[in-house]
Amino acid sequence: MAEIKGVAFPIPKQFAQRFFEGKDVFVKPATVFKELKPGMKLLIYQSQEDTGFVGEARIKAVSFADDPMEFLRRYGERLFLSEKELKDYVKSQEKWGRRKAKKRKWMAIELEDVRKYDKPVKPKHFVPAGGIYLK
């Protein structure tokens with residue numbers, strides 16, 4: 001089995017660009033996380049418009065919480081979503097039935113050395129909503 005070098009997650013364009021403007025904490029329901037370690041790469045896959053990998057960063061730390069609002073308290077302005085956007089995101093996950101199933105933890109990925117690409121790079125493989133490991 002090939003060594004895992006990192007992860008990619010789809011992020012809508014309006015949010016993906018924030019990583020290049022100083023935001024350095026990504027939050028989502030905990031998917032594709034068991035193999036993540038500090039030092040690995042996170043590729044920023046811009047979804048919905050001008051799709052493709054638009055940049056990369058090194059994972060500084062990964063943390064978990066039952067309540068995603070804990071990340072807002074912990075990271076504040078570093079979070080890539082505003083308080084309202086995070087609440088809307090949580091609500092959208094409940095709408096898709098995430099609440100009824102086994103309660104999933106949320107994860108925050110702290111990033112460093114964020115680098116924007118000159119132009120989007122099309123992936124060789126589909127990047128699902130839950131993310132994908134990079135090998």
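The values are calculated or read from the model by the stated rules, or taken from the named source; none is laboratory data. On a predicted model such as this, the values are computed, not experimentally measured, just so you know. Please note: Cβ atoms are built from the backbone with ideal geometry, for glycine as well, and neighbour counts cover all protein chains shown.
Which ones in region 44-58 are within 20 Å of residue 4 (Cα to Cα) and either of a type in the set (Gly, Ala, Ser) or surrounded by fewer than 20 Cβ atoms within 10 Å (Cβ to Cβ) (or both)?
If we filter region 44-58 for residues that are within 20 Å of residue 4 (Cα to Cα), which is where we start, we get 44-45, 53, 55-58.
Result: 53, 55, 57, 58.
What are the pairs, 6+ residues apart or on separate chains, where a residue within region 111-135 that is of a type outside the set (Gly, Ala, Ser) has its Cβ under 9 Å from a residue that is loosely packed, with under 10 Cβ neighbours inside 10 Å?
Going by the 9 Å Cβ cut-off, the qualifying pairs are 132/125; 132/126; 135/1; 135/2; 135/3.
Residues that are part of a loop (DSSP other than H, G, I, E, B), surrounded by 13 or more Cβ atoms within 10 Å (Cβ to Cβ) and either at positive phi or among the aromatic types (Phe, Trp, Tyr) (or both): does region 72-83 have at least one?
Yes, region 72-83 has at least one match.
Name the residue, out of 21, 35, that is in contact (Cβ under 8 Å) with a residue 60 or more places away in the chain and either aromatic (Phe, Trp, Tyr) or out of contact with any Lys or Arg (no Cβ under 9 Å at 6 or more places or on another chain) (or both). Before you say what the answer is, go through the steps one by one.
Working: 21 fails: in contact (Cβ under 8 Å) with a residue 60 or more places away in the chain.
Unique residue meeting the criteria: 35.
Condition check: farther than 17 Å from residue 132 by Cα, out of contact with any His (no Cβ under 9 Å at 6 or more places or on another chain) and either aliphatic (A, V, I, L, M) or surrounded by 14 or more Cβ atoms within 10 Å (Cβ to Cβ) (or both). Does residue 65 satisfy that? Can you show your working first?
Working: farther than 17 Å from residue 132 by Cα: yes; out of contact with any His (no Cβ under 9 Å at 6 or more places or on another chain): yes; either aliphatic (A, V, I, L, M) or surrounded by 14 or more Cβ atoms within 10 Å (Cβ to Cβ) (or both): yes.
In short, yes.
Yes or no: residue 26 surrounded by fewer than 18 Cβ atoms within 10 Å (Cβ to Cβ), of a type in the set (A, V, I, L, M, F, W, C), touching a strand residue (DSSP E or B) at 6+ places or on another chain (Cβ under 6 Å) and at negative phi? Break it down stepwise before answering.
Values: surrounded by fewer than 18 Cβ atoms within 10 Å (Cβ to Cβ): no; of a type in the set (A, V, I, L, M, F, W, C): yes; touching a strand residue (DSSP E or B) at 6+ places or on another chain (Cβ under 6 Å): yes; at negative phi: yes.
The answer is no for residue 26.
Within region 68-80, is there a residue that is basic (Lys, Arg) and modelled with pLDDT under 90?
Restricting attention to region 68-80, the residues satisfying the condition of being basic (Lys, Arg) are 73-74, 78.
Now restrict to residues that are modelled with pLDDT under 90: none.
No, that holds for no residue.
Looking at (1) of a type in the set (A, V, I, L, M); (2) within 13 Å of residue 7 (Cα to Cα); (3) touching a helix residue (DSSP H, G or I) at 6+ places or on another chain (Cβ under 6 Å), find the lone condition where residue 62 falls short.
Against the list (1) of a type in the set (A, V, I, L, M); (2) within 13 Å of residue 7 (Cα to Cα); (3) touching a helix residue (DSSP H, G or I) at 6+ places or on another chain (Cβ under 6 Å), residue 62 comes up short only on (3).
Within region 8-18, does at least one residue satisfy the condition of being surrounded by fewer than 16 Cβ atoms within 10 Å (Cβ to Cβ) and more than 21 Å from residue 89 (Cα to Cα)?
The answer is no, given that none of the residues of region 8-18 is surrounded by fewer than 16 Cβ atoms within 10 Å (Cβ to Cβ) and more than 21 Å from residue 89 (Cα to Cα).
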